[in-house]
Amino acid sequence: MRKYYLFLIQTEYYKLYQKSPKILYDLLYNLYQLKEPNLNYGISLFKSICNPFSVNLLSQYIQSKYTCMILSPKVIKIHSIQERTTIQINYGCIIIKTNVNFPEILKVFHIYNKKIFVCDFKNQDYFWLSNQFQKTR
């Protein structure tokens, strides 16, 4: 099971880290592992790098385009024959739990914004979502 974290990166940081995603991954990984005493610093740094997602817009769009089950106000389970995918839509990041390496729902986020950075911290995997779609063309 893969667990992807999607971050909407601000334009200036997108330009800065577009060709060096490892640095951005390391920065986000350090924020992910941050302990409570440094939480205020981490939140401040996170807000300077990332933009918030439009939770209502994304949630409504996904519900209109996919057969899904609402597990909670922020958690949606996509019904599919090929994959098992659950999406947690937060303002700071989107969390996708799936049994496939590249779930179909990523297409929605690629359409939503081209500056999305995807991390799988458990498997130390990361990529720019727009680069993945360029590869598949």
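What the table below lists for this structure:
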| read-out | value |
| --- | --- |
| Residue among Lys77, Lys19 that alone is assigned to a loop (DSSP other than H, G, I, E, B) and not β-branched (Val, Ile, Thr) | Lys19 |
| Filtered residue count, segment 1-20, keeping only those that are without any contact (Cβ under 8 Å) to a residue 60 or more places away in the chain, open to solvent by 70 Å² or more (accessible area, probe 1.4 Å) and over 16 Å from Gln132 (Cα atoms) | 3 |
| Residues (more than 14 Å from Met1 (Cβ to Cβ) and in contact with a strand residue (DSSP E or B) (Cβ under 7 Å, 6 or more places away or on another chain)) located in segment 68-77 | Cys68, Met69, Ile70, Leu71, Lys74, Val75, Ile76 |
| Qualifying residue in segment 116-136 (condition: in contact with a strand residue (DSSP E or B) (Cβ under 6 Å, 6 or more places away or on another chain), within 15 Å of Leu8 (Cα to Cα) and part of a loop (DSSP other than H, G, I, E, B)) | no |
| Residues (open to solvent by less than 40 Å² (accessible area, probe 1.4 Å) and free of Cβ contacts under 8 Å to residues at least 60 places away in the same chain) located in segment 21-44 | Leu31, Gly42 |
| Test result for Leu71, part of a strand (DSSP E or B) and open to solvent by 90 Å² or more (accessible area, probe 1.4 Å) | yes |
| Which listed residue is of a type in the set (A, V, I, L, M) and within 14 Å of the chain's Cα centre (by Cα), from Ile94, Ile76 | Ile94 |
| Whichever residue in segment 80-133 is aliphatic (A, V, I, L, M) and surrounded by fewer than 18 Cβ atoms within 10 Å (Cβ to Cβ) and, among such residues, is modelled with the lowest pLDDT | Ile81 |
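The values are calculated or read from the model by the stated rules, or taken from the named source; none is laboratory data. In this text the structure is predicted, and so the values were computed from the model without any measurement. Cβ sites come from the backbone with ideal geometry, for glycine too, and all protein chains shown count toward neighbours. Note: areas computed on protein heavy atoms with side chains; ligands, DNA, RNA excluded. Shrake-Rupley method; radii C 1.70, N 1.55, O 1.52, S 1.80 Å.
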